[in-house]
Amino acid sequence: MTTREMIKIENLNKSFGDLHVLKNINLEVFESDVVCLIGASGSGKSTLLRCLNFLEKKDNGNIIIEGEEITRSTHDINEIRQKVGMVFQHFNLFPHMTVLENIIEAPVHVKKVSKQEAIEEAKVLLSKVGLGDKADVYPSKLSGGQKQRVAIARALAMKPDIMLFDEPTSALDPELVGEVLATMKELAEDGMTMVVVTHEMGFAREVADWIIYMNDGMIIEKGHPEEFFENPKEERTREFLSTTQLK
Amino acid sequence: MPSFSHFFETLVSNKGLFIDAMLLTLKLTAVSILFGIIIGLFFALLKISRSKILSFISDAYVYLVRGTPLIVQIFILYFGISGIFLIPDFWAAALALAFHNGAYIAEIFRGTIQSIDKGQMEAGRSLGMSKGLAMRRIILPQAFRRALPPLGNQFIIGLKDSSLAAFISMNELFNVATTLGSNNFDEMTYLLIVAVYYLVLVALLTIIVRLFENRLAVSDR
Ligand SMILES: Nc1ncnc2c1ncn2[C@@H]1O[C@H](COP(=O)(O)OP(=O)(O)OP(=O)(O)O)[C@@H](O)[C@H]1O
Ligand SMILES: [Mg+2]
């Protein structure tokens with residue numbers, strides 16, 4: 001078993017104006033861990049994820065990625081982001097590019113990989129997410145589930161060490177959720193370090209190593225899925241779980 | 001009103017002069033639109049930059065252009081430029097028109113850039129792109145496509161506005177029409193002829209813009 005610490009957050013605070021959204025968050029994620037973040041709408045899950053990718057500026061606290069404390073003054077945020085892939089609720093594929101162009105865009109223009117090599121790697125990734133035949137299609141021609149799998153492949157093309165998912169299946173028709181979760185499960189089995197904001201309790205229970213329950217900007221409870229779902233320690237966790245149907 | 005046969009004969013017998021004038025009109029329009037696009041993009045980027053000062057400069061430019069008649073701008077720039085540099089009349093006229101078109105094009109680009117979902121920039125940044133790279137590779141291509149219909153409209157306005165270059169003695173369509181008209185004591189015939197020229201040019205421009213739009217819309221099909 002490896003114990004490399006991939007992410008460590010210390011006393012992270014974030015406000016939007018007067019709204020204190022993240023309150024003294026502490027969190028550790030180790031290599032190959034899958035951490036599922038759950039919690040009610042507005043509890044700060046997205047904000048936490050976005051702070052991890054520096055899409056939001058923290059107010060104070062430390063964000064330590066792979067052992068190094070990251071700040072805008074000491075690190076090139078663009079380089080850190082190459083190590084931390086992000087998948088969005090609304091896919092955010094580039095509509096003016098084909099699926100293949102979407103995937104090779106960052107490797108070619110950010111990492112300066114040769115186009116040839118990027119295309120070959122993209123094709124491998126595409127078949128991995130089950131879309132080997134869609135390389136030359138534009139995103140508008142894909143179903144939601146296919147779009148999200150392309151978005152996952154696009155993030156993976158940068159060979160990140162960590163993948164962040166913000167409700168990757170929330171914008172999907174119910175019948176398309178399964179294919180995306182299956183792709184994510186494979187990724188987890190390959191040993192990817194993942195932080196996933198999700199409302200899919202079945203997925204969390206099956207794939208996560210850790211479940212974190214957030215409420216009102218605070219981490220209320222953290223546990224392995226078994227104990228978390230069977231024996232939540234906190235009253236607030238119990239209340240929350242009773243409002244989500246477990247399948 | 002002139003009879004149709006007179007109109008037609010005059011049209012045919014003067015076609016050499018009109019075609020030369022039309023080429024000048026087209027050159028003026030093309031140059032002023034091309035430079036207008038560059039100026040417009042520049043000021044649109046200033047406007048959306050995080051700097052208050054740059055954004056104010058852009059506002060001021062747009063306000064100046066929109067707040068004064070084009071003919072005043074042309075005269076000011078024409079006498080202004082030719083007072084300082086020795087510059088061919090064509091370029092004085094073209095730059096004045098470009099300066100004018102630029103403000104409207106800046107507003108078009110600003111609008112379409114801001115209309116692109118902010119998730120696009122975030123997706124680019126999350127892949128490690130710098131803001132500039134994401135702007136160039138992700139945002140601007142989409143903003144440009146969205147700008148095509150209003151740009152096409154601005155091209156048409158620019159084409160017709162180029163007639164004001166007549167007042168700084170460019171022998172473009174309108175100037176040739178009024179000169180020939182008064183020389184021949186037959187203003188109406190020549191004005192109708194020049195109207196036909198403009199109509200044909202606008203029709204061609206419309207078709208070209210439409211073709212462009214269709215080409216770029218390939219990903220939406
Ligand atoms: N850019 C912003 N400006 C102001 N307030 C914001 C901004 N982003 C988020 N918030 C507020 O911060 C709080 C936490 O938002 P966040 O998106 O992190 O919640 P969430 O847990 O992801 O919710 P959901 O499940 O609905 O996605 C909310 O009250 C939200 O309105
Ligand atoms: Mg959210």
Considering the range A:25-34 alone, what residues qualify as being within 15 Å of ligand 1 (Cβ to nearest atom) and surrounded by fewer than 22 Cβ atoms within 10 Å (Cβ to Cβ)? A:Leu27
Every listed condition ((1) more than 14 Å from chain A (Cβ to nearest Cβ); (2) in a helix (DSSP H, G or I); (3) at pLDDT below 90; (4) within 19 Å of the chain's Cα centre (by Cα)) holds for B:Glu213 save (1)
Qualifying residues in the range B:86-119 (those that are among the small types (Gly, Ala, Ser) and in contact with a Ser or Thr (Cβ under 6 Å, 6 or more places away or on another chain)) - the one farthest from B:Leu34 (Cα to Cα): B:Ala92
Could you list, in sequence order, all residues of the range A:52-77 that are of a type outside the set (S, T, N, Q) and within 16 Å of ligand 2 (Cβ to nearest atom)? A:Leu52, A:Leu55, A:Glu56
So the check is Cβ under 9 Å with 6+ separation or different chains; which pairs have a first residue in the range B:25-44 that's surrounded by fewer than 21 Cβ atoms within 10 Å (Cβ to Cβ) and a second one that's among the hydroxyl-bearing types (Ser, Thr, Tyr) and part of a helix (DSSP H, G or I)? B:Leu26/B:Ser162; B:Phe42/B:Ser58
Within the range B:4-13, is even one residue over 30 Å from B:Tyr197 (Cβ atoms) and assigned to a helix (DSSP H, G or I)? no
Answer yes if at least one residue in the range B:141-160 is outside any loop (DSSP other than H, G, I, E, B), out of contact with any Pro (no Cβ under 6 Å at 6 or more places or on another chain), β-branched (Val, Ile, Thr) and away from chain A (no Cβ under 14 Å), and no otherwise. yes
Subset of the range B:119-134 [among the acidic types (Asp, Glu) and more than 7 Å from chain A (Cβ to nearest Cβ)]: none
Residue that is crowded, with 18+ Cβ neighbours inside 10 Å and acidic (Asp, Glu), where the choices are A:Glu105, A:Glu66, A:Glu117: A:Glu105
Considering every residue within the range A:63-82, establish whether at least one is in contact with a Leu (Cβ under 6 Å, 6 or more places away or on another chain) and in contact (Cβ under 8 Å) with a residue 40 or more places away in the chain. no
Tell me whether the range B:39-60 contains one or more residues that are within 17 Å of B:Val200 (Cα to Cα) and of a type outside the set (Ser, Thr, Tyr). no
Which is within 19 Å of the chain's Cα centre (by Cα) and closer than 25 Å to A:Val150 by Cβ, of B:Ala106, B:Ala143, B:Ala134? B:Ala143
Looking at the range B:83-106, can you tell me whether even one residue there is away from chain A (no Cβ under 14 Å) and acidic (Asp, Glu)? yes
How do the pairs read when you match residues in the range A:188-214 that are within 14 Å of chain B (Cβ to nearest Cβ) with residues anywhere that are within 16 Å of ligand 2 (Cβ to nearest atom) and at pLDDT 95 or above, using Cβ under 6 Å and keeping only pairs 6 or more apart or on different chains? A:Val195/A:Val35; A:Val195/A:Leu164
Matching residues, the range A:71-110, being of a type outside the set (A, V, I, L, M, F, W, C) and within 16 Å of the chain's Cα centre (by Cα): A:Arg81, A:Gln82, A:Lys83, A:Gly85, A:Gln89, A:His90, A:Asn92
B:Ile53 being modelled with pLDDT of 95 or more, β-branched (Val, Ile, Thr) and under 14 Å from the mean Cα position of the chain (by Cα): no
Does the range A:5-51 hold any residues that are away from ligand 2 (no atom under 13 Å from the Cβ), aliphatic (A, V, I, L, M) and either at pLDDT below 95 or within 22 Å of A:Glu68 (Cβ to Cβ) (or both), and which are they? A:Met6, A:Ile7, A:Ile9, A:Leu12, A:Ile25, A:Leu27, A:Val29, A:Val35
Looking at A:Ala182, A:Ala204, can you tell me which residue is of a type in the set (Gly, Ala, Ser), crowded, with 20+ Cβ neighbours inside 10 Å and more than 13 Å from ligand 1 (Cβ to nearest atom)? A:Ala204
At pLDDT 95 or above and among the hydroxyl-bearing types (Ser, Thr, Tyr) - does that describe any residue in the range B:70-91? no
Does B:Ala177 satisfy being farther than 22 Å from B:Ala106 by Cα and at pLDDT below 95? yes
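The values are calculated or read from the model by the stated rules, or taken from the named source; none is laboratory data. Because the structure is predicted, anything quoted here is derived from the model rather than measured. Note: ideal-geometry Cβ built from the backbone for every residue, glycine included; neighbour counts use all protein chains shown.
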